[in-house]
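Input: a single structure, listed below in structure tokens.
The values are calculated or read from the model by the stated rules, or taken from the named source; none is laboratory data. Predicted, not measured: the structure shown is a model, and the values here were computed from it. Glycine also receives a Cβ, built like all others from the backbone with ideal geometry; neighbour counts cover every protein chain displayed. The accessibility values were calculated without ligands, DNA or RNA, using every heavy atom of the protein model including side chains. Shrake-Rupley method; radii C 1.70, N 1.55, O 1.52, S 1.80 Å.
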Amino acid sequence: MILIADCGSTKIDWCLINNGKVEKQVFTMGMNAVMLTEEEMRSRIAQELVPELGDTTPKIEEVFFYGAGCISAEVCGNVARAIRANIPSAENIEVYSDLLAAARALCGRQPGIACIMGTGSNSCLYDGQGIAANISPLGYILGDEGSGAVLGKLFLGDVLKRQIPAELAAAFLEEYQLDLLTIIRRVYREPQANRFLASVTPFLSKNIAEPAIHDLVFNAFKAFFKRNIQNYEGYADHKVNFIGSIAYYFKDVLAEAAQATGCTIGTIIKSPMEGLVKFHSK
């Protein structure tokens, strides 16, 4: 049996595969491997995953873990040891970044450009085996173009600086029960500002026909292509593939921005798990 994990900061999607078929799927609390110790991860896996796997745990032979924060050999080693402590039957445990998960889910074993566009954004040039090149996303303050956090940041700034039609801005503030002081507090004084910023994107999606909102999203996506994709050698020869909720729900505007920057959209999916199951079943 093979256990695959798609780990984000919010949740972990665990999929148990037997002869190429999904035997069981379990969701547990998310974790960022950079932020937790090996002991903390070991404890979470023991408390949340192992009871759900039950008597199938000793049958697991391989584990492929793709996670947020898995950016160094040290961090990946911590994750691997935390898993091995709970699943000692696994002869092979491999830990990779969530970006490689996106590349494998989107491109399989073929070269291409793979992108994540959810709360944050990221991209890579994938050679069919591994990540050949990566333009650092830099986070929502310095980068993360096109991400939910950046769309939210731009929109809230436009609302407060009266760049959005007054009636539309008033409707937004009422629907989300926000005012200037609350927004300032949530962004500058409370933790996880990126999640708060991204939380307003459903309003953008619902009102995408409004010119001011369409232009904001369109220009943010153009910035993603210009500041990231166009830096990859031979980018015009590859389709640009996306994974994540922002890419999925704003796919029409994303396609417009791609065309405007000389890029070609390929596959767009919400979650990598289906593609990862196919990848590891072959």
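Here are a few things to note about the model shown:
- Counting only helices (runs of 4 or more DSSP H) that sit wholly inside the stretch 209-282, those with at least 1 residues that are small (Gly, Ala, Ser) and within 30 Å of Glu23 (Cβ to Cβ) are 245-249, 273-281.
- If you go through the stretch 198-257 and pick out every residue that is more than 18 Å from Ser121 (Cα to Cα) and either free of Cβ contacts under 8 Å to residues at least 12 places away in the same chain or small (Gly, Ala, Ser) (or both), you end up with 8.
- Conditions (1) under 23 Å from the mean Cα position of the chain (by Cα); (2) open to solvent by less than 80 Å² (accessible area, probe 1.4 Å); number of the one not met by Ala170: (1)
- Checked across the stretch 139-146, the condition of being open to solvent by 10 Å² or more (accessible area, probe 1.4 Å), among the charged types (D, E, K, R), farther than 20 Å from Ala257 by Cβ and in contact with a Ser or Thr (Cβ under 8 Å, 6 or more places away or on another chain) holds for no residue.
- Output for the stretch 17-39, where each listed residue is at pLDDT 90 or above, surrounded by 14 or more Cβ atoms within 10 Å (Cβ to Cβ) and closer than 17 Å to Arg84 by Cβ: Glu38
- Meets criteria (on the phi > 0 side of the Ramachandran plot and among the small types (Gly, Ala, Ser)) for Gly20: yes
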